[in-house]
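*Asks:* Dropping a structure here in structure tokens format, bear with me for questions.
Here, each number is a calculation from the coordinates, and none is a lab measurement. Nothing here was measured: the structure is a model prediction, and the numbers come from that model. Because the Cβ atoms are built from the backbone with ideal geometry, glycine has one as well, and the counts that use them run over all protein chains shown.
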Amino acid sequence: MCYIRRMKKQSKSPEKLNIKIRKPNFELEEDLAHDWYDGSAFKTAFENAFSLLFPLGEKSFIESVKYFQKEIKDPKLLDEMSSFYAQESVHRKEHQKYNDLVCKLRDYDMELLNKPQVKRYEWAKTTLPPERRLAGTVAAEHLTAILADDLLRNKDHFTNSGKHVAKLWYWHALEETEHKAVAFDVYAAVCGSIKIRRRALLFATHFIMKDVLRSTVLMLKQDGQLWKIRTWVDAVNFLFIKPGILRRAFIPWLQFLRKDFHPWKKDNRDVISEWESSIPIKN
């Protein structure tokens, strides 16, 4: 059971952190019509499948944090929560546009692709206690934060790839970095159970990877690329060798299990300022 921790300073984010609300402007159609990621069927499908998670996922994140709004007393954390809701709402909107467009252009069945996630969302909303839903958000935010940091630090990630889609992913990574501790700090204030937090990471990792890989396979099948040798050579290289995004994420993933973990123990505000000017903003 979790009990509210009544502390004056509940936000542990850096004092000068600015969680900005941006209105990005992306032109995606030209890129999404083909294998935009380095001409690779697997890498393109994997990233497109990852995008499918966000509209419903971000909705769940907002709901799980907002449930505890009245329990938070720290004005700084309350401001950060408002910015978190705003950023995640824009993420939902932009990724829904992305998903609608890629399904239209490539004749994917979005209902089929989203089916497991929709069922799990409804189950979690009606079955899980609010603290466990929040723990799931904290775990998922950790996963997006470590992948975001890896993307922003490795500038060759989208070399020879669709520049418009790449900018969307850089923008999303930048904002995930800015608000990476908001859900964590709310969880620490209202619950803080390390056992629940650790368990949530295992479940979140399992289901996110399961959903992404399932959608990747369905997309590759639709594209006629599922049984081609190059597809799976690219898969092994991309995930485990070079760049090896899952291999590189493993140590940061493990750090979440530490008793004294906090997202801002790794202060990576430098990547925010470095990428800020590259995001296309609506006038």
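*Asks:* Are there trypsin sites (Lys or Arg not before Pro) in region 93-199 that DSSP marks as loop and that have at most 12 other Cβ atoms within 10 Å, and which are they?
*Replies:* Passing both the DSSP loop test and the Cβ count: 155.
*Asks:* Can you compute 3J(HN,Hα) from phi for each residue in region 52-66, using the Karplus curve 6.51 cos²θ - 1.76 cosθ + 1.60 with θ = phi - 60°, rounded to whole Hz and x for Gly and Pro?
*Replies:* Values per residue, Gly and Pro as x: 4, 6, 6, x, 6, x, 5, 4, 5, 4, 4, 4, 5, 6, 5 Hz.
*Asks:* Here's a follow-up. Among 202, 190, 220, whose Cα sits farthest toward the positive end of the charge dipole of the chain (+1 at Cβ of Lys/Arg, -1 at Cβ of Asp/Glu, about the Cα centre)?
*Replies:* Toward the positive end, the furthest listed residue is 190.
*Asks:* Then there is this: Which residue, chosen from 177, 42, 26, occupies the Cα position most advanced towards the positive end of the dipole of the chain, where the dipole is computed from +1 (Lys, Arg) and -1 (Asp, Glu) charges on Cβ about the Cα centre?
*Replies:* 177
*Asks:* Let me ask something else about it. I'd like to know which of 277, 77, 108 lies farthest towards the positive end of the charge dipole of region 35-278, counting +1 on Cβ of Lys and Arg and -1 on Cβ of Asp and Glu.
*Replies:* So the residue furthest toward the plus end is 108.
*Asks:* Can you tell me the alpha carbon radius of gyration of the chain divided by the globular rule-of-thumb value 2.2 N^0.38 Å?
*Replies:* The value comes to 0.98.
*Asks:* I would also like to ask the following. Within the chain, what's the longest run with no GluC sites (Glu not before Pro) in a DSSP loop and at most 14 other beta-carbon atoms within 10 Å? Give the range, please.
*Replies:* 28-283
*Asks:* Given the alpha-carbon gyration tensor of region 164-218, what are the semi-axes of its equivalent ellipsoid in whole angstrom, ordered largest first, with each equal to the square root of 5 times an eigenvalue?
*Replies:* 26, 20, 5
*Asks:* Let me ask another. Can you work out D for region 1-142 in µm² s⁻¹ from Stokes-Einstein, where Rh is the Kirkwood radius over C-alpha pairs, the temperature is 37 °C and the viscosity is 0.692 mPa s?
*Replies:* Translational diffusion coefficient: 190 µm²/s.
*Asks:* Still on this structure, I have one more. Which lysines have a Cα less than 22 Å from the Cα of residue 9, not counting those fewer than 8 places away in the same chain?
*Replies:* Answer for residue 9, where 22 Å is the Cα cut-off: 20, 66, 70, 73, 76, 180, 259, 265, 266, listed by chain and number.
*Asks:* Right, here's the next one. Can you list the HN-Hα couplings for region 241-247, worked out from phi with the Karplus curve (6.51, -1.76, 1.60; θ = phi - 60°), rounded to whole Hz and with x for Gly and Pro?
*Replies:* 10, 9, x, x, 5, 6, 4
*Asks:* Report Rg (one decimal) and Dmax (nearest whole number) for region 192-283, counting Cα atoms only, units Å.
*Replies:* Computed over the Cα atoms of region 192-283, radius of gyration and Dmax are 17.9, 47 Å.
*Asks:* Need the C-alpha centroid separation for region 129-146 versus region 170-210, integer Å.
*Replies:* 3
*Asks:* Let me ask something else about it. With charges only on Cβ, +1 for K and R and -1 for D and E, what is the dipole size of region 35-278 about its Cα centre, in debye, rounded to 20?
*Replies:* Around 860 debye, computed over region 35-278.
*Asks:* Moving on to the next point. Between 202, 112, 143, find the one with the highest GNM mean-square fluctuation for the chain; connect C-alpha pairs within less than 10 Å.
*Replies:* Looking only at 202, 112, 143, the biggest GNM fluctuation is shown by 112.
*Asks:* Compute the helix-to-body angle for 75-106: its Cα long axis versus the longest principal axis of the chain, expressed 0 to 90° and rounded to tens.
*Replies:* Helix 75-106 and the main axis of the chain meet at about 20 degrees.
*Asks:* Quick check on region 21-71: what are the equivalent-ellipsoid semi-axes from the Cα gyration tensor, as sqrt(5λ), descending, whole Å?
*Replies:* Whole-Å semi-axes of the equivalent ellipsoid: 32, 14, 7.
*Asks:* Under a cut-off of 25 Å between alpha-carbon atoms, report the lysines in cross-link reach of residue 221, not counting same-chain residues fewer than 8 places apart.
*Replies:* Result set, ordered by chain and number: 43, 97, 104, 115, 119, 210, 242.
*Asks:* Output ³J(HN,Hα) for region 204-213: one whole-Hz value per residue in order, computed from phi by the Karplus curve 6.51 cos²θ - 1.76 cosθ + 1.60 with θ = phi - 60°, and x for Gly and Pro.
*Replies:* With the stated coefficients, region 204-213 comes to 4, 4, 4, 6, 5, 5, 4, 5, 5, 5 Hz.
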